[in-house]
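A quick write-up on the structure given underneath.
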Amino acid sequence: MRLKENINMQDSKTQKDKLVPLVKIRNLKKAFGSNLVLKGFNLDLFPNENVVILGKSGSGKSVLIKCLVRLVEVDEGEILVLGKSIPDLEQEELDEIRTDVGFLFQGSALYDSMTVRENLQFPLRRHKERMKGQDEEKLIMEALRSVGLEHAIDLMPAELSGGMKRRIALARTLILQPQIILYDEPTSGLDPITSNEIIQLILKIQKDLKATSLIITHDMDCARVISNRMIILQDGINYAEGTYEVLSQSDDKKVKAFFKEVQKR
Amino acid sequence: METIAKSIKNYLEETGSISQFAFRFFQQAVRPPFEFKELLRQCYLIGYNSLFLVIATGFIMGLVLTLQVRPTMIEFGAVSYMPQMVGISIVREIGPVITALICAGKVGSSIGAELGSMKVTEQIDAMEVSGTNPFKYLVVTRIMASTLMLPLLVIAADAIGLFGSFLIESIKGDVSMTLYFNIVFETLTFGDLLPATIKSFFFGFAIGLVGCYKGYHSKKGTEGVGKAANSAVVLASLLLFVIDFLAVLVADIFYEI
Amino acid sequence: MGKENKNNTKLGLFVTIAILLFTVGVYYMGNKQNIFGSSYKISSIFENVKGLTIGNNVRYSGISIGTVGDIIILNDSMIQVDMMLENKMQAFLKKDAVATIGSDGLVGNMIVNISPGEGTGQSAEYGDVINSFARLETGEMINSLGNTTENIALLTMNLLEIAENINSGEGSVASLLNDPTMANDLSLAIKNLKITTQNINALTGQFQKNMNEVNQGEGLLGYLFKDSTFEYQINHITEGLDTLIRSRTTPIMENLEASSKDIAMVSADLKKIIQEIDLQEGLAGAILKDSLTAEDFKQTMENLSQGTDRFNENMEALKHNFLFRKYFKKQEKKRQKELKKQADAVVHR
């Protein structure tokens with residue numbers, strides 16, 4: 001019942017802001033073999049929002065955001081990103097959409113065989129083919145400056161620490177100046193201090209770029225600091241939504257259990 | 001009984017999915033955009049970086065083959081047939097097969113491990129969202145590079161193997177270089193060189209395909225990467241012999257006509 | 001960027017060298033098989049190509065000059081073999097050259113061997129058909145020799161039988177020796193023989209005279225033998241003969257084969273004759289059946305002995321001829337040696 005209330009609350013907010021959602025997911029279903037991961041997930045992501053999706057590991061969070069850029073094909077349901085239906089797009093249109101959707105991977109996913117510079121060049125070489133020479137160099141330096149790692153430009157990823165890698169990965173995501181940024185566990189595998197640095201960096205970039213973010217995490221601190229709104233993914237559906245304050249005070253048994261478990265960690 | 005049925009099912013599944021992978025390769029290979037720069041880089045990594053290893057093994061292969069066969073040939077009083085024998089066996093069979101096996105070990109495993117770790121650390125996904133077709137960028141270039149480079153490596157191995165064989169002949173049998181290579185080239189025909197060269201293209205393709213397939217479909221985790229590299233070598237080596245057998249069968253048919 | 005360029009240079013070097021090696025290999029192979037060089041076609045027609053295949057070598061006096069280009073069956077006893085030869089061979093290959101099919105060594109590949117002809121014919125043009133020659137295989141030769149041996153064995157057996165018959169007083173010869181009724185017929189034959197012997201006597205006399213003239217340096221032959229300047233020419237002729245013999249080994253082989261066949265035939269004939277004699281048929285049988293008088297026979301013998309005396313005289317005359325002097329001297333020496341040896345043996349005993 002609480003679930004319904006939350007949706008209603010959100011609906012009223014939408015009407016108030018008179019905004020079209022950048023991302024709209026309806027009744028998303030995905031199964032791996034006989035294992036049903038998503039069983040009808042719904043989501044609306046509005047401009048300039050920072051939405052955090054919380055869930056236990058294996059609950060299908062990563063699958064969810066991978067569906068948004070079609071790294072995973074969905075079984076059923078509707079996904080609209082910037083007004084386009086993702087499952088029906090041709091490859092070229094999909095690539096076009098992907099320039100507007102940045103994706104920060106869990107393990108940074110820097111290309112091991114390339115230097116930092118080449119890592120940052122990589123998205124440019126396809127998506128912004130017109131940018132050549134000086135322009136490209138300028139974009140790279142700008143992106144590096146925004147994460148504070150200009151000096152690392154000629155290093156190989158293997159020479160960087162975990163936090164630096166994460167920041168370079170962030171710079172690589174930002175270089176195309178996307179409207180939407182998807183973060184897959186941005187603080188996983190990092191110590192608390194570095195985690196905090198990354199969180200502050202994300203907030204700063206948010207402000208600078210005026211981007212909309214969808215963050216997946218099980219780190220409650222991270223979620224609390226970043227989010228405007230939180231969604232708890234449980235049993236393959238959006239089990240509960242609301243701000244941190246609302247959800248943490250929730251009476252729902254499962255939400256309570258969830259908070260308890262996460263806090264313990 | 002159940003395990004047999006299961007392993008047959010696994011075999012069929014694997015064969016089917018490798019075939020599909022190969023089909024996808026051909027599909028993507030002919031469509032632009034082409035990743036020339038990456039192809040060149042892979043050619044360098046696969047071709048040039050394997051050159052030393054291939055030359056070393058080829059040379060030793062020539063030496064050993066000659067040393068082993070020579071006593072028997074002396075027994076038959078046919079020691080003057082050594083260049084013919086060694087020339088034909090190196091060019092037709094030993095050169096391509098040994099080189100391919102060496103490359104399966106070196107190239108196949110490195111492709112398997114590299115793509116495997118890229119898969120596991122989501123680098124392939126990152127490429128995908130960067131608007132680059134990772135299949136084209138990673139798989140097509142690697143398969144093409146190994147297909148193109150292997151015949152060249154085989155030729156290098158053949159040449160150096162024959163030279164090694166000549167060294168032994170000249171030390172033990174006092175055969176001049178001119179005579180040795182004259183006899184070798186007199187014996188060899190296009191019917192020897194052409195099937196061997198065509199065969200080595202297939203060898204290269206098989207090594208690249210299996211390495212990429214195993215890497216691209218590697219399971220999550222570091223263990224998956226190791227497994228991908230290992231099974232790439234095993235499967236590629238096995239496949240090489242199957243291809244070799246088929247190639248000899250086909251070549252024989254054409255040879256008789 | 002710099003590193004990448006350097007890598008590309010290395011790659012380029014490797015690719016270039018490998019392709020170069022391949023090209024050189026292919027070129028040399030092609031050269032040996034005469035694929036790239038311009039070539040011209042010569043054909044020859046054989047009855048049996050003995051397993052020759054396309055690509056086998058063609059040799060001209062032992063030098064590899066090309067390969068077999070095609071083998072076409074014209075009809076049940078004619079197989080055309082097309083040979084692709086090096087262009088430069090056109091100057092040497094004449095129209096009367098002869099092609100044979102042989103094998104390269106005992107167990108080697110089949111090859112086509114072209115032997116030069118007399119060397120006087122015209123050069124063979126593109127597409128010309130030259131003569132072929134089917135050489136007898138060793139196996140066939142041995143077969144015909146085997147037949148001959150069999151015939152000889154049979155012959156020997158028959159002879160043995162005849163000798164036995166004579167010894168035991170059976171058969172025609174025995175009856176000839178015993179039967180006086182044959183004498184008449186035989187005397188006629190002996191008379192004829194006598195006349196022949198007299199003719200021989202006369203001829204021998206003539207020969208003796210000629211030899212004497214030779215010794216004295218008269219007549220054409222005498223001039224020839226006596227004149228030492230001819231020695232050089234004779235040497236020259238001998239050399240010429242040598243070359244001729246060498247170039248004719250093949251025909252001689254042929255003759256040898258033919259002879260061995262002839263021998264077989266002769267043996268067969270001989271066998272037949274002896275069988276006929278056995279049956280008292282034919283001319284010889286008739287002669288032997290004829291009676292003979294002792295006198296005629298004696299006279300014949302006398303004539304014969306006279307002839308022999310004359311012959312001895314001739315031999316004596318020959319001894320004095322310079323050409324034969326050395327031979328006779330040698331004979332003499334040999335005899336002396338033999339005598340001495342015998343004497344020695346006696347002494348030793």
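The values are calculated or read from the model by the stated rules, or taken from the named source; none is laboratory data. None of these values were measured; they are calculated from a predicted model. Counting neighbours? That spans all protein chains shown, and the Cβs are built from the backbone with ideal geometry, glycine included. Ligands, DNA and RNA are excluded from the accessible area calculation, which covers all protein heavy atoms including side chains. Shrake-Rupley method; radii C 1.70, N 1.55, O 1.52, S 1.80 Å.
Within the range B:161-198, how many residues are part of a helix (DSSP H, G or I), within 14 Å of chain C (Cβ to nearest Cβ) and open to solvent by 30 Å² or more (accessible area, probe 1.4 Å)?
Residues flagged as part of a helix (DSSP H, G or I), within 14 Å of chain C (Cβ to nearest Cβ) and open to solvent by 30 Å² or more (accessible area, probe 1.4 Å) within the range B:161-198 amount to 14.
Which of the residues belonging to the range B:54-109 are more than 27 Å from B:Leu194 (Cβ to Cβ), surrounded by 19 or more Cβ atoms within 10 Å (Cβ to Cβ) and not small (Gly, Ala, Ser)?
B:Arg70
Filter the range C:22-56 for residues that are part of a strand (DSSP E or B) and at pLDDT below 80; which is farthest from the other protein chains (Cβ to nearest Cβ)?
Out of the qualifying residues, it is C:Tyr40.
Could you list all residues from the range A:102-112 that are at the interface with chain B (Cβ under 9 Å from one of its Cβ atoms) and more than 14 Å from A:Leu124 (Cα to Cα)?
The answer is A:Phe103, A:Phe105, A:Gln106, A:Gly107, A:Ser108, A:Ala109, A:Leu110, A:Tyr111, A:Asp112.
Can you find, within the range B:125-160, the residue that is farthest from the other protein chains (Cβ to nearest Cβ) among those that are surrounded by fewer than 24 Cβ atoms within 10 Å (Cβ to Cβ) and over 22 Å from the mean Cα position of the chain (by Cα)?
That would be B:Pro134.
What is the one condition in (1) in contact (Cβ under 8 Å) with a residue 24 or more places away in the chain; (2) open to solvent by 40 Å² or more (accessible area, probe 1.4 Å); (3) farther than 28 Å from B:Gln84 by Cβ that C:Asn75 does not satisfy?
So C:Asn75 meets the others, but not (1).
Please give the strands (runs of 3 or more DSSP E) falling wholly within the range A:148-265 in which 1 or more residues are modelled with pLDDT of 85 or more.
The strands (runs of 3 or more DSSP E) meeting that bar are A:180-184, A:212-217, A:229-234.
Looking at A:Pro123 and the list (1) modelled with pLDDT under 85; (2) more than 10 Å from every other protein chain (Cβ to nearest Cβ); (3) open to solvent by less than 20 Å² (accessible area, probe 1.4 Å); (4) in contact with a helix residue (DSSP H, G or I) (Cβ under 9 Å, 6 or more places away or on another chain), which single condition is not satisfied?
Only one criterion in (1) modelled with pLDDT under 85; (2) more than 10 Å from every other protein chain (Cβ to nearest Cβ); (3) open to solvent by less than 20 Å² (accessible area, probe 1.4 Å); (4) in contact with a helix residue (DSSP H, G or I) (Cβ under 9 Å, 6 or more places away or on another chain) is unmet by A:Pro123, namely (2).
Suppose we filter the range B:96-128 for residues that are under 12 Å from B:Tyr213 (Cα atoms) and not aliphatic (A, V, I, L, M); how many remain?
6
Yes or no: A:Leu80 within 12 Å of the chain's Cα centre (by Cα) and farther than 23 Å from B:Pro33 by Cα?
Answer is no for this residue.
In the range C:52-109, what count of residues is obtained for those that are under 26 Å from the mean Cα position of the chain (by Cα) and among the acidic types (Asp, Glu)?
Of the residues in the range C:52-109, 2 are under 26 Å from the mean Cα position of the chain (by Cα) and among the acidic types (Asp, Glu).
Looking at the structure I just gave you, is B:Gly215 of a type in the set (Gly, Ala, Ser), touching a residue at least 60 places away in the same chain (Cβ under 8 Å), open to solvent by less than 20 Å² (accessible area, probe 1.4 Å) and within 13 Å of chain C (Cβ to nearest Cβ)?
no
Please return the ranges of helices (runs of 4 or more DSSP H) entirely within the range B:1-86 where 2 or more residues are aromatic (Phe, Trp, Tyr) and away from chain C (no Cβ under 13 Å).
So the answer is B:2-29.
Can you name the helices (runs of 4 or more DSSP H) wholly within the range A:1-113 that have at least 2 residues being at pLDDT 85 or above?
Counting at least 2 such residues, we get A:61-68.
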